[in-house]
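Undergrad: My questions will all concern the structure given below.
Taken together, the values in this text are just the output of simple stated rules run on the coordinates, not laboratory data. Here the structure is a predicted model, which means the values were calculated and not measured. Here Cβ is always computed from backbone atoms with ideal geometry, including for glycine, and neighbour counts include all displayed protein chains.
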């Protein structure tokens, strides 16, 4: 199957080895550029989601299954991915970010292969460079190892294998495509959008061939569905054997459904509009170039059905990838990572289409335009890529979130307790458990659900209180930072009032860490913490249990 935009130099066996390898040299250059940025930031403290995955992965390495000591609505694939990464690179922030570097590099290579397979080498290289740069951008919080980075690690090769399956009509290949999309789903719920894309494209391609009501198509869809369901079914069985199935089901289905339905369409559109306005400076060049090229690509007459089918594949991939950003209509920055591979392939398709419509002397123009867009995007992100040190960059991205302070709190706990000590963090800072390498006294590693206007909130508060009182943890960390709670008008502060009274009765302050309005951190320990008269707008107190 040959596309008229395919300009692969490697297709000619008479080419020299250097000419056959030049695309891979450019891919390597992209990987080295992005890798340089990531290596510079290896020691950047973990943000909240990273802390959750790191703590859950740490528990897995200790033989403790997901959802036993860490309740959350996310599916467990990223927990196991973190555990695997930390087993290789170590249970440190550097180890976690090395894992991110590796999986991001693999995804970038798969984006190149997908773009090249569909639209030729030029498209593949443009897609590779686009994805590499966008995936490390602050516009998608690309420096953090979010679950969405692991979703696309499986979704992109899933799309590549799906296209190869359509070419070969091989049922086994279709099964492996479904399997890869199923693994993408296991990383996080957004992965289901890629599974739906694969199924929709199989139906569309069969409809074009008038083969929907055939035995061959039935076997293909059965193989695809079997592959897609297999990872999830395997974890279902493992979770049931471990005895945590009911808790897993509640958090990933019952509560997740209540959480996702808590936002209106109007609120979602406001958030999307805010995100676009905040990040327009970075994405504008890509959007203009890609939009212009897609008009050329989709409106020009095609000489064969193969070219038309490739367009349908790329546009379907783009549409379903965007759906992956919409759960709950929250449109958080890292959700857009799932959109980037398809957008990068569309950018490659657009540049290749513009190039193919020009004379030989003018073909360089689209490449120069793309190079200009890349240079501009690097320039506007230079402060993050090259200048700010990791802690300062973390503060610049996340504002008043206590991620640097969490490192300090965990250090005190780790240095002043034995490995079997239990800790209760009353707030949404699971990274403290990971840094301290201590088990939580409650499965509620986030307090967001307790503040949300959803029907389980009050029961969750009571359960968290009961778990802490039963465990009698050696340390309580009361986090009074606004972004660790996100309280609304309908939030019930009962858990905070209880925590203050409970700490006064059974604990004494051992450390106080706070953030002044000018951004300076106040840190007092020991007797100074007991005598500290707090006037800070945001702070956390580390309480140690009084002697019996």
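Undergrad: May I ask you to derive the FRET efficiency for residue 64 and residue 411 from their Cβ-Cβ distance with R0 = 22 Å, giving the value to the nearest 0.05? Kindly include the intermediate steps, with their values, before the conclusion.
TA: Values: r = 23 Å, r/R0 = 1.05.
Plugging the Cβ-Cβ distance into 1/(1 + (r/R0)^6) gives 0.45.
Undergrad: Given an 8 Å cut-off on Cα distances and at least 6 residues of separation, report the relative contact order of the chain as a percent.
TA: Values: 868 pairs, mean separation 87.2, N = 548.
The value is 16 percent.
Undergrad: Same structure, new question: What's the extension gain from residue 400 to residue 322 if we count 0.36 nm per residue and subtract their Cα-Cα distance?
TA: On the way: separation 78, 0.36 × 78 = 28.08 nm, distance 2.96 nm.
Stretched out fully, the residue 400 to residue 322 stretch lengthens by 25.1 nm.
Undergrad: Still on this structure: Only Cα pairs under 8 Å and at least 6 apart count here; give the relative contact order of segment 329-452 as a rounded whole percent.
TA: Values: 69 pairs, mean separation 17.0, N = 124.
Normalised by residue count, the contact order of segment 329-452 is 14 percent.
Undergrad: Between segment 112-188 and segment 189-251, how many Å separate their Cα centres?
TA: Spelled out, the Cα-based centre of one part sits 17 Å from the other.
Undergrad: Given a Förster distance of 56 angstrom, what is the FRET efficiency for residue 87 paired with residue 298, based on the Cβ-Cβ distance and rounded to 0.05?
TA: Values: r = 46 Å, r/R0 = 0.82.
Efficiency at R0 = 56 Å is approximately 0.75.
Undergrad: Right, another one. Using Cβ counts within 10 Å as a stand-in for footprinting exposure, how do 458, 495, 96, 37 rank, fewest first?
TA: On the way: 458 13, 495 23, 96 26, 37 20.
Fewest-to-most ranking of 458, 495, 96, 37: 458, 37, 495, 96.
Undergrad: Full-extension gain between residue 382 and residue 501, please, as 0.36 nm times their residue separation minus the C-alpha to C-alpha distance.
TA: Details: separation 119, 0.36 × 119 = 42.84 nm, distance 4.76 nm.
Difference between extended and current length: 38.1 nm.
Undergrad: Can you figure out the FRET efficiency of residue 271 with residue 368, using R₀ = 56 Å and their beta-carbon distance, to the nearest 0.05? Walk me through the numbers before you get to the answer.
TA: On the way: r = 36 Å, r/R0 = 0.64.
Result of the calculation: an efficiency of 0.95.
Undergrad: For the pair residue 308/residue 232, report the inter-label distance in nm, with labels modelled 7 Å from Cα in the Cβ direction.
TA: Each label point is offset 7 Å from its Cα along the Cβ direction, giving 3.3 nm.
Undergrad: If you look at just the Cα atoms of segment 255-320, how large are its Rg and its Dmax in Å?
TA: 17.4, 51
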